[in-house]
Every structure is written in structure tokens, then in C-alpha cells.
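Participant: Shown below is the structure under consideration.
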Amino acid sequence: MSPAVETNPVSADRRSAQRYPVDAALHYRIVKNGSADPAQQGRIIDISNSGVFFEAARSVCPGTRIEICIAWPMLAGASPRLELHITGRTVRSEDNRTGVEILQSEFVTCAVN
């Protein structure tokens, strides 16, 4: 008989996706009525296959449609450069931090200048 394993449902993280801490820049735009506001800058706190948590000058209200662009880390001199483009919906905000549910994502190749 194996020993019982106790879990504390209050402190257990119920998110299904593994989160990875990342310190990288991102650009985001808030989308309203089919058009996007000017790009703002932020920094990723963590990322998973279903969401992004980032900090910026101010948080974005939950329920807001958002587009995020992340320059994907590559080895020095690697070509072509990749960017991760994300379309999502904000699901939480606190102070200057915003949590985004990823609705669509794709890697896009970019010309190297």
C-alpha cells in the first residue's frame, strides 16, 4: 500500500499549462472596433502554451482584445529572425501586470537588417 499524498486545493495552481519564466521584451497593441492602438512596450514575466503574463507602464483591463509581438530569442548570427505574434484576450490585471489568454499564435520570419 502506498502512502497517501495530501494536496492543499487552496494553494495548488490549477492552471493546466506549465509556465516558464522569461525575461524578454514585447510590444503590444490594444484592439478596439477592428483597429489597433499604437504599440506599447512591456516585459514578459512568464509564458505558457495558453497564456502570457507581462508587465508594462500600466495594466490592461480584463476582457480587452490584445495583439502581442515577441522577438524570439535566437543564437547570435542566426537568420532569419523569428517573432511570435499572439492574438489574445486579457483575463487579469494587477498593478502594472496583465495576464493574457492566447487565442491564436504564429511564428513569423523577419528580414534581418
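Participant: Please report, in debye to the nearest 20, how large the charge dipole of region 20-110 is about its Cα centre when each Lys and Arg carries +1 at its beta carbon and each Asp and Glu carries -1 there.
Facilitator: It comes to approximately 200 debye.
Participant: Counting alpha carbon pairs within less than 8 Å and at least 6 residues apart, what relative contact order, in whole percent, applies to region 20-110?
Facilitator: Relative contact order comes out at 26 percent.
Participant: May I pose another question? Net charge near Trp72: determine it from the other residues with C-beta under 12 Å of the C-beta of Trp72, scoring Lys and Arg +1 and Asp and Glu -1.
Facilitator: In short, -1.
Participant: Then there's this: Which order do peptides 43-55, 70-82 fall in by mean Cβ count within 10 Å, highest first?
Facilitator: The most tightly packed comes first, giving 43-55, 70-82.
The numbers here are math on the coordinates, done by the rules we state, and not lab data. If you're wondering where the values come from, they're calculated on a predicted model, not measured in any experiment. Positions of Cβ are backbone-derived with ideal geometry, glycine not excepted, and every protein chain shown enters the neighbour counts.
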